[in-house]
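Asker: The structure follows.
The values are calculated or read from the model by the stated rules, or taken from the named source; none is laboratory data. Just so you know, these numbers come straight off a predicted model, no measurement behind them. Glycine gets a Cβ as well: all are built from the backbone with ideal geometry, and neighbour counts include every protein chain shown. Heavy atoms of the whole protein, side chains included, go into the accessibility calculation; ligands, DNA and RNA do not. Shrake-Rupley method; radii C 1.70, N 1.55, O 1.52, S 1.80 Å.
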Amino acid sequence: MNALFKCEVNRIFASKKTWVFIILAFLVTIGLSVYSTSGEVAFINDSNGNRMELTGMKAIKYSNEIEFPLAGEVTEDKLKRSLNVYRDSYDSVDDKFSFTEEFNEKIPLMGLLQDISIDPTYSDYTIQELPDVIATNYYEIRGCVQEDLLKDELNDNPKLIKYAKKLDANVKKPFYFSPNKGWQPTLECMSILYYILCLMIIVLASSVYSEDYYSGADAVMRTTKYGMKELAKVKFTTSLVFVLLICILCTFIYLGMSSFKLSVGGLKASAQFINSLVPVPLTIGGALKYIVFFGLLSSICTAGFAMWISSRCKNPILSLIIPIALFGVYLLSSNFKGAGSITSVLFDMFPFRGAGMYFTLFTGISIQLLFGVPIWAPYITAIISIILLTAFYYGTIKRYVNMKC
Amino acid sequence: MKFTLYGFMNLKTVSLTKNYRSHNAVDKIDLEFTPGIWGLLGANGAGKTTFIKMLVGVLNPTSGDILFGDNSIKELEEKYRKKLGYLPQKFGYYEELNLNDYLLYVAALKGISKKDAKGKISYLLEKVSLTDVQYKKIRTFSGGMKQRVGIAQALLNDPQVLILDEPTAGLDIEERRKFREFITNYSRERMVLISTHIVSDIEFIANNIAVIKKGKLVASGSPNDLISSLAFSAWEVSIPVREKNKIEQSGLIINYHNEDKEDIFVRYISNDPLYCDSERKNVTLEDYYIYINSREEI
């Protein structure tokens with residue numbers, strides 16, 4: 001069997017398609033890493049007091065330096081001081097803020113206050129008009145705002161709301177801040193990277209079996225001693241390992257470039273600096289680990305899915321179109337899901353689900369009902385991905401063995 | 001287990017049938033393959049390939065069974081495949097691999113160690129005259145070269161049962177001659193089944209021949225037995241072109257060609273000569289095959 005593994009690895013690397021995949025994967029990784037921080041902006045006052053815009057790496061470097069004194073627990077006292085600085089920096093005559101260093105330092109904390117100012121009590125205020133109480137009672141008000149959000153997002157389902165609150169109770173409070181400029185788009189682009197990799201994996205893995213059926217190569221193979229079950233297993237596992245290794249390499253490249261550009265200390269900041277209202281009991285670094293783990297899991301799950309389809313199709317074009325179409329359906333359906341709904345449960349069944357962990361964690365309340373039991377979405381994704389992967393493995397082997405040419 | 005010559009186990013089909021909806025591609029074929037070369041003759045679409053696909057286990061029969069020794073090949077699985085060599089009609093290969101790597105891959109699938117495989121590959125490539133292109137991509141080869149790759153891969157494991165579906169397709173005359181010579185030497189102590197619709201491929205080398213027509217086995221036996229079962233004689237004669245219809249009604253034209261504007265040279269089979277100057281010839285396997293295929297009652 002080892003000899004067969006070596007031969008299959010040799011075959012994979014002898015294929016032009018493989019090298020195109022590898023090169024494209026690396027290019028996309030590098031491209032997204034560069035792109036992820038290109039949109040970052042910071043404003044400063046020049047020597048004449050005029051507003052000047054810094055972008056990309058300059059903005060990140062400046063913000064990280066300027067925000068450094070703010071590192072530590074986000075107490076309500078700190079929030080109040082930030083609010084005062086904001087008020088002082090506001091020029092009511094020109095109706096604009098003065099981007100002094102002191103002002104810029106407080107921006108991350110003001111973001112937290114801005115998030116809870118959607119509360120009806122404060123929604124009519126501009127940021128400089130916000131009363132002290134929003135800062136001095138920040139965590140309590142956040143709880144109220146979050147409760148309204150939970151009711152809305154979780155369709156007033158008491159089970160889900162209770163679970164979400166329990167989850168939020170695990171969020172470390174006061175929040176912890178360390179300069180993290182650039183990490184939010186980096187994490188977001190990382191999920192996009194895994195989506196793109198999933199799409200590329202589909203293109204690569206969809207031909208693993210169907211191309212052999214189509215060319216007739218399998219007719220010779222399946223009449224040999226190890227040409228049935230063993231060959232199907234070897235092809236499946238080799239492709240899976242190959243895909244995983246490439247995705248791990250891409251992850252290393254992406255994270256290597258990111259840690260070179262960004263402040264690694266920023267990973268210690270609470271995940272609430274990405275979205276302050278979500279009940280995600282993680283730091284930014286913790287969220288990053290989730291995104292990487294689920295990205296890699298979805299990459300092998302997608303490969304398994306594409307190979308399963310491939311094992312059922314004699315036509316390589318069909319075996320490519322079907323998973324790509326389902327991938328499209330998945331991306332579209334992500335706009336129509338609601339917590340606990342049927343579409344949401346179906347949404348969780350897609351093998352690419354884990355790739356978008358950033359969006360799961362930060363663009364909604366990531367809690368689902370599974371057989372009436374509320375579970376945090378990452379856990380559901382992990383369980384379903386493992387079940388799917390196992391099913392794809394056995395399903396593929398069974399189908400290959402039973403496929404008659 | 002039933003052992004015969006040199007431990008060879010006979011391959012036997014028992015009422016082997018394959019139906020595709022209402023079409024009987026293979027219809028209750030009973031055959032026992034003994035060591036030696038077997039020719040499987042049949043016109044295109046007669047059911048040869050379907051029959052062979054079932055023999056090698058890539059297609060399930062609708063009913064009936066295939067026994068290797070006393071056991072069904074379904075039960076034997078890899079024990080049977082270990083002893084099998086197969087060249088399909090449409091030989092597919094891995095386009096991305098060169099010839100050497102492709103054969104190493106097949107060798108690994110056949111459970112041959114890399115060391116043994118290397119020696120075997122060198123030997124076989126020499127036999128099929130492909131040593132010069134050992135490290136070239138198969139996709140760059142001509143049709144005949146690809147066919148020889150197919151033959152080489154089938155022989156890698158020194159199979160006891162070698163099944164070749166249209167092996168000479170794409171080979172030139174010299175390559176066909178070499179192929180026949182090699183297979184004749186190889187077939188000692190082994191069973192080689194060659195499926196073809198070209199009689200000359202097997203006429204002189206086959207120990208036994210099975211003829212399939214419309215999915216049914218219509219004849220089997222040694223070439224001499226088959227020929228002698230034909231109660232006709234073969235005749236050759238030059239006749240005027242206008243006589244052609246007459247000879248067609250009375251006997252059976254096997255072959256003819258124009259001699260000049262007025263005469264044609266005809267080979268026909270018949271009990272008695274239809275023209276007094278007809279010259280009697282020995283009946284060949286081709287005569288027999290054409291006769292069998294032209295019979296309407298089958």
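Asker: Any idea which of B:Ser195, B:Ser187, B:Ser200, B:Ser228 is open to solvent by 50 Å² or more (accessible area, probe 1.4 Å), at negative phi and in contact (Cβ under 8 Å) with a residue 60 or more places away in the chain?
Answerer: The match here is B:Ser200.
Asker: Show me the strands (runs of 3 or more DSSP E) entirely contained within segment B:140-258 in which 2 or more residues are among the hydroxyl-bearing types (Ser, Thr, Tyr).
Answerer: Filter on segment B:140-258 gives B:191-196, B:233-240.
Asker: Just for segment A:115-147: of the residues that are polar (S, T, N, Q) and touching a helix residue (DSSP H, G or I) at 6+ places or on another chain (Cβ under 6 Å), which one is surrounded by the most Cβ atoms within 10 Å (Cβ to Cβ)?
Answerer: If we take residues in segment A:115-147 being polar (S, T, N, Q) and touching a helix residue (DSSP H, G or I) at 6+ places or on another chain (Cβ under 6 Å), then A:Gln128 is surrounded by the most Cβ atoms within 10 Å (Cβ to Cβ).
Asker: Which residue, of A:Ala271, A:Ala232, A:Ala287, A:Ala217, is free of Cβ contacts under 8 Å to residues at least 24 places away in the same chain and either within 14 Å of another protein chain (Cβ to nearest Cβ) or touching a helix residue (DSSP H, G or I) at 6+ places or on another chain (Cβ under 7 Å) (or both)?
Answerer: Checking each option against the conditions leaves just A:Ala217.
Asker: OK, next. How many residues does segment B:49-77 contain that are surrounded by fewer than 17 Cβ atoms within 10 Å (Cβ to Cβ) and facing another protein chain (nearest Cβ under 7 Å)?
Answerer: 1
Asker: Moving on to the next point. Conditions first: (1) modelled with pLDDT of 95 or more; (2) open to solvent by 10 Å² or more (accessible area, probe 1.4 Å); (3) over 26 Å from A:Phe293 (Cβ atoms). A:Ile192 passes all but one, so which condition is the exception?
Answerer: Only one criterion is unmet by A:Ile192, namely (3).
Asker: Name the one entry in B:Ile151, B:Ile163, B:Ile121, B:Ile138 that is in contact (Cβ under 8 Å) with a residue 24 or more places away in the chain, of a type outside the set (Gly, Ala, Ser), under 26 Å from B:Arg177 (Cα atoms) and touching a Pro at 6+ places or on another chain (Cβ under 7 Å).
Answerer: Of B:Ile151, B:Ile163, B:Ile121, B:Ile138, the one residue that is in contact (Cβ under 8 Å) with a residue 24 or more places away in the chain, of a type outside the set (Gly, Ala, Ser), under 26 Å from B:Arg177 (Cα atoms) and touching a Pro at 6+ places or on another chain (Cβ under 7 Å) is B:Ile151.
Asker: Take the residues of segment B:101-114 that are open to solvent by 20 Å² or more (accessible area, probe 1.4 Å) and more than 7 Å from every other protein chain (Cβ to nearest Cβ): which is nearest to B:Ala46 (Cα to Cα)?
Answerer: B:Ile112
Asker: Residues to consider are B:Glu236, B:Glu286; find the one that is modelled with pLDDT of 85 or more, in contact with an Asp or Glu (Cβ under 8 Å, 6 or more places away or on another chain) and more than 26 Å from B:Ile194 (Cβ to Cβ).
Answerer: It is B:Glu236.
Asker: Output the residues belonging to segment A:273-307 that are open to solvent by less than 30 Å² (accessible area, probe 1.4 Å), assigned to a helix (DSSP H, G or I), of a type outside the set (Gly, Ala, Ser) and farther than 30 Å from A:Leu318 by Cα.
Answerer: Passing the criteria: A:Ile284, A:Leu288, A:Ile291, A:Val292.
Asker: Within segment A:1-58, can you find the residues that are within 14 Å of chain B (Cβ to nearest Cβ) and either in contact (Cβ under 8 Å) with a residue 12 or more places away in the chain or more than 30 Å from A:Ser207 (Cα to Cα) (or both)?
Answerer: A:Met1, A:Leu4, A:Phe5, A:Glu8, A:Val9, A:Ile12, A:Lys17, A:Thr18, A:Phe21
Asker: Residues to consider are A:Leu187, A:Leu204; find the one that is modelled with pLDDT of 95 or more, within 23 Å of A:Phe252 (Cβ to Cβ) and within 14 Å of chain B (Cβ to nearest Cβ).
Answerer: The unique qualifying residue is A:Leu204.
Asker: Could you grab me the full set of residues in segment A:167-198 that are farther than 25 Å from A:Leu245 by Cα and of a type in the set (Val, Ile, Thr)?
Answerer: A:Val171
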